[in-house]
Amino acid sequence: MSTSDPRPAIAVLCSGGGSNLQALIDRTATGELPARIAWVLSNNGGAGALERARTAGIPAYHVSGKTEGSPEAAEARLISLIREHGIRVLVLAGYMKALPTSVIRELPGRVVNIHPALLPAFGGRGMYGHHVHEAVLARGAQWTGVTIHLLSEAYDEGPILRQRVVAVRPGDTPESLGARVLVVEHDTLWREIRSLLERT
């Protein structure tokens, strides 16, 4: 996309297939999310999210300690990209790596994460993707959902922007539950990014 685009710049970090990224790409295309995705970055060179970005004409970067030579160099590259493109909001959409404190401090109150459960329940290290849905079912919970929150220096503990509830159904599997939660994720993340952009 052209840097002359007047819409505020956001960037998206992903580690996997990028279905939430695709939802954001689609909403920016319709204008419902009045922003432009300046770039997409993954710590995983094989992430489907990178291909989704390239297909949409969005710059896609594989940045990790391996590609840059050290974790510190990867951290510096990420901060450089944020500054170079004037990123207003950084979105973690299935990013499976802890974000360095320096990056969170670079964009105070403007780093958004999505979590497939109702935090603080089923949060913390190791609680991502299907692991979350397995834990919800193993505990016999009646409800789960989606949490959109600002990232803080404490893992999965930043201020919550919005939560939406998804009922657990009899006979649910991690896959069936996860699929319903994902639908809600796709409909919620872009709305909270839009609201945050309106406030900042």
For the stretch 155-167, which residues satisfy the criterion of being surrounded by fewer than 18 Cβ atoms within 10 Å (Cβ to Cβ) and farther than 19 Å from residue 91 by Cβ? 165, 167
Of 135, 117, which residue is over 25 Å from residue 8 (Cβ atoms), surrounded by 13 or more Cβ atoms within 10 Å (Cβ to Cβ), modelled with pLDDT of 95 or more and over 15 Å from the mean Cα position of the chain (by Cα)? 135
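Let's see how each residue does on (1) modelled with pLDDT under 95; (2) exposed (fewer than 14 other Cβ atoms within 10 Å of the Cβ); (3) in contact with a Leu (Cβ under 7 Å, 6 or more places away or on another chain):
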| site | (1), (2), (3) |
| --- | --- |
| 30 | no, yes, no |
| 36 | no, no, no |
| 62 | no, no, yes |
| 84 | no, yes, no |
| 94 | yes, no, no |
| 128 | yes, no, no |
For the stretch 107-127, indicate whether the set of residues that are more than 22 Å from residue 19 (Cα to Cα) and in contact (Cβ under 8 Å) with a residue 40 or more places away in the chain is non-empty. yes
Among the residues of the stretch 184-200, count how many are within 13 Å of residue 114 (Cα to Cα) and loosely packed, with under 15 Cβ neighbours inside 10 Å. 1
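On the given criteria, is residue 175 over 24 Å from residue 34 (Cβ atoms), of a type outside the set (Gly, Ala, Ser) and assigned to a loop (DSSP other than H, G, I, E, B)?
No, not satisfied.
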Residue list for the stretch 1-22, restricted to those being more than 11 Å from the chain's Cα centre (by Cα), within 20 Å of residue 179 (Cβ to Cβ) and not in a loop (DSSP other than H, G, I, E, B): 22
Of (1) surrounded by 15 or more Cβ atoms within 10 Å (Cβ to Cβ); (2) at pLDDT below 95; (3) under 20 Å from residue 161 (Cα atoms); (4) out of contact with any Ser or Thr (no Cβ under 9 Å at 6 or more places or on another chain), residue 100 fails just (3)
Failed item in (1) part of a loop (DSSP other than H, G, I, E, B); (2) in contact with a Leu (Cβ under 7 Å, 6 or more places away or on another chain); (3) not acidic (Asp, Glu), with residue 161 passing the rest: (1)
If I filter the stretch 74-81 for residues that are within 16 Å of residue 190 (Cα to Cα) and aliphatic (A, V, I, L, M), do I get at least one hit? no
Exactly one of 53, 76 is farther than 18 Å from residue 112 by Cβ and either crowded, with 16+ Cβ neighbours inside 10 Å or of a type in the set (A, V, I, L, M, F, W, C) (or both), and that one is 76
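Please work out if residue 161 is at pLDDT 95 or above and touching a strand residue (DSSP E or B) at 6+ places or on another chain (Cβ under 6 Å).
yes
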Go through the stretch 69-93 and count every residue that is touching a Ser or Thr at 6+ places or on another chain (Cβ under 6 Å) and part of a loop (DSSP other than H, G, I, E, B). 0
What about residue 49, is it farther than 24 Å from residue 161 by Cα, at pLDDT 95 or above and not hydroxyl-bearing (Ser, Thr, Tyr)? yes
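The values are calculated or read from the model by the stated rules, or taken from the named source; none is laboratory data. Just so it is clear, the model here is predicted, and its values are computed rather than measured. Glycine gets a Cβ as well: all are built from the backbone with ideal geometry, and neighbour counts include every protein chain shown.
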